Amino acid sequence: MTTYPINLLGMPRADLEHLFTDMGQRSFRARQMMQWVYGRSVLRLEDMTDLSKSLRDSLGDRIEFALPVVQDRQDAADGVTKWRLAAGGGQAIETVFIPEEGRGTLCVSSQVGCAMDCPFCATGRQGFNRNLSAAEIIGQVMLARRELGGIDGPRITNVVFMGMGEPLANLRAVVKAVDVLLDDFGFGLSRRRVTVSTSGLVPQLRKLGEESNVALAVSLHAPNDALRDVLVPINRRHPIAELLAACWDYARAANLQDVTFEYVMLAGVNDSEEQARELARLLANRPAKVNLIPFNDFPGSAYRRSSPPVVDRFRQILLDAGIITVTRKTRGDDIAAACGQLAGQVSNRVLSPLGDKTAQGPLQ
Ligand code: SAH
Ligand code: SF4
């Protein structure tokens, strides 16, 4: 049973065109509507003046463009802003804006919590509740744009799926949201400015490659299966060799210069020189670059951040192997907005040990 009104935010243009043609309307109405919504941030049907009154009336109580509700906003000393957004039933997700010289990156959530259970991640510690809809994902972008001051405020030039959740466990909604982000009648971002980050759901990664060609980041975090089985438990199902093969195929099919490998630096766990050499052997002469992420602490975490000289040495070994390697600057940590610190509010968790299908979420 369909419940009305349907929130049309995040609906890809092709679907919106269908909706109009099913109503006996011309398909270009979809483009007109998207220009109002994404081009001009106009969300009320009555304000979309080039749609006929009778069309607006017939859509009236069947559709809406509803933004998420802000529960809290925090502005960090370094310009980072974090919003906590209501996700229904007492749950909340988080969205982060990171301004930099010449660009503005919005980090969006794709799920309420996460089932992947990586032990160094605050979101993982919270468990999983549910997938977000495309409307809730695109709602984060619309909301942030409005909160940042609209056309007068800083621009969102990049969107990264690096907030709460495993985006590829929510592939269907993520693909729709990506469609709207890239569409000229949507946000019109170039595919290099939209990044999906995954812990390594290989079948879904291959599926993403069939449907999209956005930038890809992969949370590697360990140079061998024994350690990755612990740090990124999905590795027990899809080990490193299988994951990397899928990455190289994705890069080729999507014509990407490289895949970004994220590597959180955990003192005494994955930061030795030998581990750097092992990592270099995996990635040398491949379309790969490495992003070293200083570990961000959160209440109850059992890990510590590697010291800066250790990170520098690790980086140098990768550079010497010809691998482009950068150390990610920690931003927004004074408001717990840095990588891995997003916790939101996740209740009524669905228990999903690996092996249980819910751990992957619906594929289709
Ligand atoms: N679930 C996806 C995307 C969200 S996490 C993924 O894992 O790729 C974004 C990045 O932050 C990932 O590389 C993740 O491993 C990393 N991360 C998680 N917890 C962290 C922490 N406490 N400190 C630093 N980075 C962390
Ligand atoms: Fe989930 Fe990513 Fe955190 Fe792992 S690192 S628990 S996949 S959000």
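When you check Ala284 against the structure, is it farther than 29 Å from Asp249 by Cα and either aliphatic (A, V, I, L, M) or in contact with a helix residue (DSSP H, G or I) (Cβ under 9 Å, 6 or more places away or on another chain) (or both), yes or no? No.
Looking across Gly89, Gly113, Gly127, Gly149, one residue alone is over 21 Å from Ala217 (Cβ atoms) and within 15 Å of ligand 1 (Cβ to nearest atom). It is Gly127. Note on the range 152-163: among residues that are touching a helix residue (DSSP H, G or I) at 6+ places or on another chain (Cβ under 9 Å) and more than 14 Å from Val196 (Cβ to Cβ), the one that is surrounded by the fewest Cβ atoms within 10 Å (Cβ to Cβ) is Arg155.
Among the candidates Val259, Val269, Val218, the residue that is out of contact with any helix residue (DSSP H, G or I) (no Cβ under 7 Å at 6 or more places or on another chain), assigned by TED's automatic domain parsing to the domain that holds Ile317 and not basic (Lys, Arg) is uniquely Val269.
Picking from Thr21, Thr2, Thr81, which residue would you name as being within 26 Å of Val178 (Cβ to Cβ), at pLDDT below 90 and either among the hydroxyl-bearing types (Ser, Thr, Tyr) or in contact with a strand residue (DSSP E or B) (Cβ under 9 Å, 6 or more places away or on another chain) (or both)? Just a single option satisfies the conditions, and that option is Thr2. In the range 132-153, the residues that are within 17 Å of Leu16 (Cβ to Cβ) form Cβ pairs under 7 Å with partners that are basic (Lys, Arg), at six or more places apart or across chains, as follows: Ala134/Lys176. Screening Ala115, Ala86, Ala76 for residues that are within 15 Å of ligand 2 (Cβ to nearest atom) and either farther than 29 Å from Ser199 by Cβ or in the same structural domain as Phe298 (by TED's automatic domain parsing) (or both) leaves exactly one candidate, Ala115.
The values are calculated or read from the model by the stated rules, or taken from the named source; none is laboratory data. Only a predicted model underlies this, so the values are computations on that prediction, with no experimental measurement involved. Cβ: placed from backbone, ideal geometry, glycine included. Neighbour counts: every protein chain shown.
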